[in-house]
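The values are calculated or read from the model by the stated rules, or taken from the named source; none is laboratory data. Nothing here was measured: the structure is a model prediction, and the numbers come from that model. Note: ideal-geometry Cβ built from the backbone for every residue, glycine included; neighbour counts use all protein chains shown.
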């Protein structure tokens with residue numbers, strides 16, 4: 001496959017994905033970035049959000065939170081703190097986490113708690129959106 005690149009997603013616990021793909025879009029810490037075959041090498045810190053990739057013309061989604069992305073020699077390596085395929089996401093659990101974070105936000109008194117809570121809320125919303133994106137694309 002001449003017009004593909006290797007995508008590997010790894011967490012401290014497991015290898016989440018290792019596939020040849022046509023495109024990768026990921027949530028960088030400073031905004032989303034996209035990678036096509038023959039991309040110049042670079043490193044980026046990852047934020048919280050949904051990584052998406054195209055394989056055989058179909059979009060697939062993976063929730064990621066934190067870590068790093070390395071692009072080099074037609075390979076994208078994602079070293080993520082957390083990564084879940086859209087098919088693995090428990091929507092009910094994510095919805096409950098979102099509700100808890102919203103309740104804590106309403107009661108938060110300290111800035112430290114507010115920042116931590118905001119991160120939890122963003123993770124929950126991103127998981128829900130990832131699951132929805134995967135279902136809407138018909139790939140999950």
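State all residues of region 47-70 that are more than 21 Å from residue 13 (Cβ to Cβ) and not in a loop (DSSP other than H, G, I, E, B); if no residue qualifies, say none.
52, 54, 55, 58, 59 - these are the residues of region 47-70 that are more than 21 Å from residue 13 (Cβ to Cβ) and not in a loop (DSSP other than H, G, I, E, B).
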Filter pass, residue 66 being closer than 26 Å to residue 132 by Cβ and out of contact with any helix residue (DSSP H, G or I) (no Cβ under 8 Å at 6 or more places or on another chain): yes
Odd one out for residue 44 among (1) under 17 Å from residue 82 (Cα atoms); (2) touching a residue at least 60 places away in the same chain (Cβ under 8 Å); (3) more than 12 Å from the chain's Cα centre (by Cα); (4) assigned to a strand (DSSP E or B): (2)
Test for residue 117: is it assigned to a strand (DSSP E or B), surrounded by 15 or more Cβ atoms within 10 Å (Cβ to Cβ), at negative phi and modelled with pLDDT under 95: no
Neighbours by Cβ (under 8 Å, 6+ apart or cross-chain): first from region 1-27, assigned by TED's automatic domain parsing to the domain that holds residue 79 and free of Cβ contacts under 8 Å to residues at least 12 places away in the same chain; second in a strand (DSSP E or B) and buried (at least 16 other Cβ atoms within 10 Å of the Cβ): 15/9
Residue list for region 74-83, restricted to those being surrounded by fewer than 22 Cβ atoms within 10 Å (Cβ to Cβ) and modelled with pLDDT under 95: 81, 82
